[in-house]
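Only one structure is covered here, and it is reproduced in the block below.
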């Protein structure tokens with residue numbers, strides 16, 4: 001009986017460890033076409049970061065608090081997405097959203 005209990009405990013431990021492991025699959029970059037005619041390409045390497053390419057420059061961004069959608073900030077910019085739309089803003093030094101730079105949609 002003790003052997004059966006030990007085997008059950010060992011199996012449960014292995015299953016719990018396997019369930020807590022998250023495997024992240026790299027996501028392909030997403031291109032957004034903007035109203036200005038420019039493009040923004042965004043990659044999301046993990047749930048906390050985004051890489052945004054805009055006008056030939058790559059910007060590394062970190063997740064930020066948002067009331068709705070996903071919001072990333074870095075390099076003086078803010079990239080905010082909801083559904084298939086993305087908006088690029090300036091990001092003020094005090095942490096607030098600056099002026100809108102681009103309004104874009106996945107195409």
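Filtered by the rule that a residue be in contact with a strand residue (DSSP E or B) (Cβ under 6 Å, 6 or more places away or on another chain) and part of a strand (DSSP E or B), the range 74-85 gives 74, 77, 78, 79, 80, 81, 85. Scanning the range 86-106 for residues that are without any contact (Cβ under 8 Å) to a residue 24 or more places away in the chain and either surrounded by 15 or more Cβ atoms within 10 Å (Cβ to Cβ) or part of a strand (DSSP E or B) (or both) yields a total of 8. Listed by position, the strands (runs of 3 or more DSSP E) enclosed by the range 3-63 include none that has at least 2 residues that are modelled with pLDDT under 50, closer than 30 Å to residue 107 by Cβ and in contact with a helix residue (DSSP H, G or I) (Cβ under 8 Å, 6 or more places away or on another chain). Per the listing 33, 58, 71, the residue uniquely without any contact (Cβ under 8 Å) to a residue 12 or more places away in the chain and surrounded by 14 or more Cβ atoms within 10 Å (Cβ to Cβ) is 71. Residues in the range 64-73 that are under 18 Å from residue 102 (Cβ atoms) and either part of a loop (DSSP other than H, G, I, E, B) or in contact with a helix residue (DSSP H, G or I) (Cβ under 9 Å, 6 or more places away or on another chain) (or both): 66, 69.
The values are calculated or read from the model by the stated rules, or taken from the named source; none is laboratory data. Only a predicted model underlies this, so the values are computations on that prediction, with no experimental measurement involved. FYI the Cβ positions are ideal-geometry reconstructions off the backbone, even for glycines, and counts take in every protein chain you see.
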